[in-house]
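The values are calculated or read from the model by the stated rules, or taken from the named source; none is laboratory data. The shown structure was predicted, so the numbers you read here are calculated from the model rather than taken from an experiment. Please note: Cβ atoms are built from the backbone with ideal geometry, for glycine as well, and neighbour counts cover all protein chains shown. SASA here: full protein model, heavy atoms, side chains in, ligands and nucleic acids out. Shrake-Rupley method; radii C 1.70, N 1.55, O 1.52, S 1.80 Å.
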Amino acid sequence: GTEPQEEPEPIVEEEQGIDEEKTETAPDENDNLDEDKETSIDKDKKANEATAAKVDGKDQWIKKLDGIKTSLAEFDEVLKNGTQIEMNEAYEEIFKRWDTGLNDVYGVLEKQLPPKDMEQLREKQRSWIQYRDETAKEESLKYEGGSMQTFEYFAAKARLTEERCYELVNTYME
């Protein structure tokens, strides 16, 4: 399942963090050399972050988003032949996957964009989230009280979030 794959990543990051702390705080024979090491480590970290931000470029993110879209084919059968509850759950999961993608894109943009541009995007994003949720609710109200209401709500949120993922990548990513 997906849970065992997700768990090792944070453990690795924590181990790396511990190793870096040990390296930086380990006593050295020459204090000046130790200071030079820390400066070198900081420079390496900044260079790696900048490289990572560039590696996460527009073309790669379009491919990642296309990968999310492709992975959703696993829900095709349920969406065609499932019970209403199964279809509702499927669209909720589809929305969650796009929402995770959106958060990942946003995280990369936080590294790439200058602070002033990021603050403007943050405000636009807050407005967009409100728009998405209101639009999804509005679209679902045509089925108010019916079994299709939840389905329509998550279908709309998923569709709008997918669109927003591509919009952010195409508009803001380098």
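Within the group GLN125, GLN84, GLN120, GLN130, which residue is within 20 Å of ALA158 (Cα to Cα) and open to solvent by 50 Å² or more (accessible area, probe 1.4 Å)? Break it down stepwise before answering.
Working: GLN125 fails: open to solvent by 50 Å² or more (accessible area, probe 1.4 Å); GLN84 fails: open to solvent by 50 Å² or more (accessible area, probe 1.4 Å); GLN120 fails: within 20 Å of ALA158 (Cα to Cα).
Matching residue, one of GLN125, GLN84, GLN120, GLN130: GLN130.
I'm told THR70 meets every condition in (1) open to solvent by less than 70 Å² (accessible area, probe 1.4 Å); (2) among the polar types (S, T, N, Q); (3) within 20 Å of the chain's Cα centre (by Cα) except one. Can you identify the failing condition by its number?
All conditions pass for THR70, except number (1).
Scanning the stretch 133-158 for residues that are touching a residue at least 24 places away in the same chain (Cβ under 8 Å) and closer than 14 Å to ILE85 by Cβ, which turns out farthest from the chain's Cα centre (by Cα)?
So the residue we want is SER147.
What are the residues in the stretch 159-174 that are more than 24 Å from PHE75 (Cβ to Cβ), part of a helix (DSSP H, G or I) and touching a residue at least 40 places away in the same chain (Cβ under 8 Å), if any?
Matches in the stretch 159-174: ASN170, TYR172.
Between a residue in the stretch 81-95 that is more than 13 Å from TYR143 (Cβ to Cβ) and any residue that is open to solvent by 70 Å² or more (accessible area, probe 1.4 Å) and in a loop (DSSP other than H, G, I, E, B), which pairs come within a Cβ distance under 7 Å, given they are 6 or more apart or on different chains?
Qualifying pairs under 7 Å: none.
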